[in-house]
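Engineer: Below is the structure I would like to discuss, written out as structure tokens.
Bear in mind these aren't lab numbers, they're just calculated from the coordinates by the rules spelled out. From a predicted model like this one, the values you see are computed outputs, not experimental measurements. Here the Cβ is made from the backbone with ideal geometry for all residues, glycine too, and neighbour counts use every protein chain on show.
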Amino acid sequence: MHQSNNLPLGAFSVSLAVKDLETSKMFYQKLGFSVIGGEPEHRYLILRNGEHTIGLFQGMFEGNILTFNPGWDSQSNNLEEFTDVREIHQRLVKAGVKITDANLASESGPGHISFVDPDGNAILIDQHR
């Protein structure tokens, strides 16, 4: 049975923990991805192929992370209306999701929450605006 909770999470990407940033960049370019952002000197790049976005991060975290960005569409354009990360946080806590990290210091604007799914996959909801 399909249930819709209607909780828009924003743009989706996968953040990959990579061993060598340049090698990974070259590999994903073979798959049609182009660099659209990031700073190689800070060991990360953002790549896109159409609607698909991946982040390559060398030595910044263990394991891969499913990432959602409230306030952005799939091309990182600002959305007029979106569900704020604070509301997402409240709804997830109410639903029984254990939040492992949160930075929601201000009442609006940038903030993030992290948690893991039942299989240990990391999920980050990272609002930049």
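Engineer: Pop a pseudo-label 7 angstrom from the Cα along the beta-carbon direction at both K94 and I36 and give the gap in nm to one decimal.
Structural biologist: Each label point is offset 7 Å from its Cα along the Cβ direction, giving 3.2 nm.
Engineer: Using alpha carbons only, how many degrees (0 to 90, rounded to 10) separate the axis of helix 21-30 from the longest principal axis of the chain?
Structural biologist: The angle comes out at about 90 degrees.
Engineer: What's the extension gain from D117 to H52 if we count 0.36 nm per residue and subtract their Cα-Cα distance? Mind dumping the intermediate values first?
Structural biologist: Numbers: separation 65, 0.36 × 65 = 23.40 nm, distance 2.17 nm.
Here the segment from D117 to H52 would lengthen by 21.2 nm.
Engineer: Still on this structure, I have one more. For the residues T53, T83, what sequence is obtained by ranking on other C-beta atoms within 10 Å, fewest first?
Structural biologist: Sorted ascending by nearby Cβ count, the order is T83, T53.
Engineer: With a cut-off of 8 Å between alpha carbons and a minimum separation of six or more residues, what is the relative contact order of the chain in percent? Walk me through the numbers on the way to the answer.
Structural biologist: Details: 249 pairs, mean separation 32.0, N = 129.
Relative contact order of the chain: 25 percent.
Engineer: Also: With 10 angstrom as the radius, rank E22, E62 by how many other C-beta atoms surround their C-beta, starting from the fewest.
Structural biologist: Details: E22 12, E62 8.
Least to most surrounded, the residues fall as E62, E22.
Engineer: Further, regarding this structure: Sort 64-74, 107-117, 25-35 by packing, meaning the average of other beta carbons within 10 Å per residue, with the highest value first.
Structural biologist: Values: 64-74: 19.4, 107-117: 15.5, 25-35: 13.2.
Most protected by this proxy first, the peptides run 64-74, 107-117, 25-35.
Engineer: A further question follows. Can you give the angle from 0 to 90° between the axis of helix 85-94 and the longest principal axis of the chain, with both taken from C-alpha atoms, to the nearest 10?
Structural biologist: Computed tilt is about 60 degrees.
Engineer: Next up: Rounded to the nearest 500 deg cm²/dmol, what is the calculated helix-only ellipticity per residue at 222 nm for the chain, with -39500 (n - 2.57) per DSSP H run of length n ≥ 4?
Structural biologist: Dividing the helical sum by the residues of the chain leaves -4500 deg cm²/dmol.
Engineer: Near K25, which aspartates and glutamates are there with a Cα under 16 Å away, not counting those fewer than 8 places off in the same chain?
Structural biologist: Correct list for K25: E39, E41.
Engineer: What FRET efficiency would be calculated for the residue pair E22, D73, taking the C-beta separation as r and a Förster radius of 22 Å, to the nearest 0.05? Intermediate values should be presented prior to the final figure.
Structural biologist: On the way: r = 29 Å, r/R0 = 1.33.
Approximately 0.15, to the nearest 0.05.
Engineer: List the lysines whose Cα sits under 22 Å from the Cα of K30, skipping any in the same chain fewer than 8 residues away.
Structural biologist: K19
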